[in-house]
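Okay, so here's the structure we're looking at.
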């Protein structure tokens, strides 16, 4: 059984860069072979002061929950694909 990787998308409402990141993640999910390989868990940083302190000026940030590695904007589809491999 293949373990599904969780990618956490740190985001907040009204963030146009976050919307671009979501579109890239959707593109990655639609690539052949990725349909059940990972899921995206959006986390609104505004709900937790600690997250605002960590990510407030860096969002969008995508974190591989399994490996703990993360990438901040700007990133491309290839960067997200590489993040999946770091599990």
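The values are calculated or read from the model by the stated rules, or taken from the named source; none is laboratory data. Keep in mind it's a predicted model, so treat the numbers as computed, not measured. Cβ sites come from the backbone with ideal geometry, for glycine too, and all protein chains shown count toward neighbours.
Below is a table of values for the structure above.
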| item | result |
| --- | --- |
| Top-ranked residue in the range 27-53 [being part of a helix (DSSP H, G or I) and touching a residue at least 12 places away in the same chain (Cβ under 8 Å); ranked as surrounded by the fewest Cβ atoms within 10 Å (Cβ to Cβ)] | 27 |
| Hits in the range 4-26 - residues which are in contact (Cβ under 8 Å) with a residue 40 or more places away in the chain, surrounded by fewer than 14 Cβ atoms within 10 Å (Cβ to Cβ) and either closer than 16 Å to residue 83 by Cα or touching a helix residue (DSSP H, G or I) at 6+ places or on another chain (Cβ under 9 Å) (or both) | none |
| Residue ID - farthest from residue 10 (Cα to Cα), chosen from residues in the range 55-69 that are in contact (Cβ under 8 Å) with a residue 40 or more places away in the chain and touching a helix residue (DSSP H, G or I) at 6+ places or on another chain (Cβ under 8 Å) | 64 |
| Candidate set from the range 71-82 (those that are touching a strand residue (DSSP E or B) at 6+ places or on another chain (Cβ under 9 Å) and touching a residue at least 40 places away in the same chain (Cβ under 8 Å)); member that is surrounded by the most Cβ atoms within 10 Å (Cβ to Cβ) | 80 |
| Candidate set from the range 70-87 (those that are closer than 12 Å to residue 8 by Cα, in contact with a helix residue (DSSP H, G or I) (Cβ under 8 Å, 6 or more places away or on another chain) and assigned to a helix (DSSP H, G or I)); member that is modelled with the highest pLDDT | 80 |
| Search result, residues across the range 55-67 that are over 16 Å from residue 80 (Cβ atoms) and surrounded by 15 or more Cβ atoms within 10 Å (Cβ to Cβ) | 55 |
